[in-house]
1. Only Cα pairs within less than 10 Å get springs; with that Gaussian network setup on the chain, which residue of GLY282, GLY187, GLY98 has the largest fluctuation?
2. Could you calculate, for the range 202-250, the ratio of the Cα radius of gyration to the Kirkwood radius, expressed as Rg to Rh?
3. Please arrange GLU129, GLU266, GLU120 by counting, for each residue, the other beta carbons lying within 10 Å of its beta carbon, fewest first.
4. Count charges around GLU171 for me, please; just the other residues with Cβ under 12 Å from its Cβ, Lys/Arg as +1, Asp/Glu as -1.
5. Which FRET efficiency, nearest 0.05, do ARG78 and GLU290 yield, Cβ-Cβ r, R0 45 Å?
6. Could you put ARG285, ARG78 in order, starting from the residue whose Cβ has the fewest other Cβ atoms within 10 Å?
7. When the scattering of the range 288-341 is computed by the Debye formula from its Cα atoms alone, each counted once and equally, what is log10 I(q)/I(0) at q = 0.13, 0.16, 0.32 Å⁻¹?
8. Taking the Cα centre of the range 134-302 as the origin, how large is its charge dipole in debye, to the nearest 20, when only Lys and Arg (+1) and Asp and Glu (-1) carry charge on their Cβ atoms?
Amino acid sequence: MEGRQEDIVILAVETSCDETAAAVVRNGREVLSNIISSQIALHTQYGGVVPELASRKHIEKINQVIERALSEAHMALRDMDAIAVTYGPGLVGALLVGVAEAKAIAYAAKKPLVGVHHIEGHINANYIENKELEPPFLCLVVSGGHTHLVKVAAYGAYEILGRTRDDAAGEAFDKVARAIGLGYPGGPKIEKAAQQGNPSAIPFPRAKVADNPYDFSFSGVKSAVLNYINGCRMKGLPIVEADIAASFQKAVTDVLVEHAMAAAEEFGIGKLAIAGGVAANGTLRRGMQEACRQRGIAFFYPSPIFCTDNAAMIGTAAYYDYLAGKRDGWDLNAVPNLRLS
């Protein structure tokens, strides 16, 4: 990257789930615009994301979102050096909308196309506000669909140390929130309810995976919550939602912090970042911050707006891919189960 003089400006598109997003990013770390059209209100009535409805809403919103991103950046397509888009993992119908749009724009504007891995985008979100952050570092990615502990060896070079064997952390939050009647989206609602509860009230389990100390399993703690609620109902005992939320949140946070600290110690890495929707959780941030402080580890995290699905993080990841010479052809397709390599 040394010796690069001219600015590189990228238009990025993200439609992997239920946010239609576009952003203009300069030199990987300067966000000129970041537009997100959320579908939470649409999906709340169904208790979760309905894939077909998400795809239709993306088609409805994507042109407006891109036009607004360019307008807020005071730029036009001709000013872009590349067009970037999330091509996986995610909901296949939702991904296809973004990929088709980005390919059409890149073809019409005669610009290079860069396909970006969604999880790579979440990791790269940490570069936007933490200008001093550079690899190598560890990153814990926690979202509705993913829980990964990743060693970031260099820009664009990742080694997955651990991943969930079943439910992702955010998925467990959603299911537990539904079980105790809090509704969707589960993460913010559990965090709010937990503020009134006792995190030590119920000893929910902290699962360990025998053959990989860095892998996660959250189906056990989810099942434990459901069994606890059913037990209370059968015995006629009161169900204290706040205590359940706080105890569940503490169980999940303890596991996430413990795994991250163990990896930092084993690999001798003094920098840790968190990313993804669950990274906006205040209890997780405070727990991770304190654990890092005790061990002298530098701790990084994005603002909540960059924790949720957004296109700025895709533009940042695309910048480093672009510098590395990555270009995609018109055969780029959505890959719903794309793995991070």
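Each reported figure results from applying straightforward, stated rules to the coordinates on display, with no laboratory input. Values in this document were obtained by computation on a predicted structure and should not be read as measured data. We place every Cβ from the backbone using ideal geometry, glycine too, and count neighbours over all the protein chains shown.
1. It is GLY282.
2. Ratio of gyration radius to Kirkwood radius: 1.07.
3. Ascending number of Cβ neighbours within 10 Å: GLU266, GLU129, GLU120.
4. 0
5. For ARG78 and GLU290, the calculated efficiency is 0.40.
6. If I rank by nearby Cβ atoms, fewest first, I get ARG78, ARG285.
7. -0.58, -0.78, -1.16
8. 420 debye
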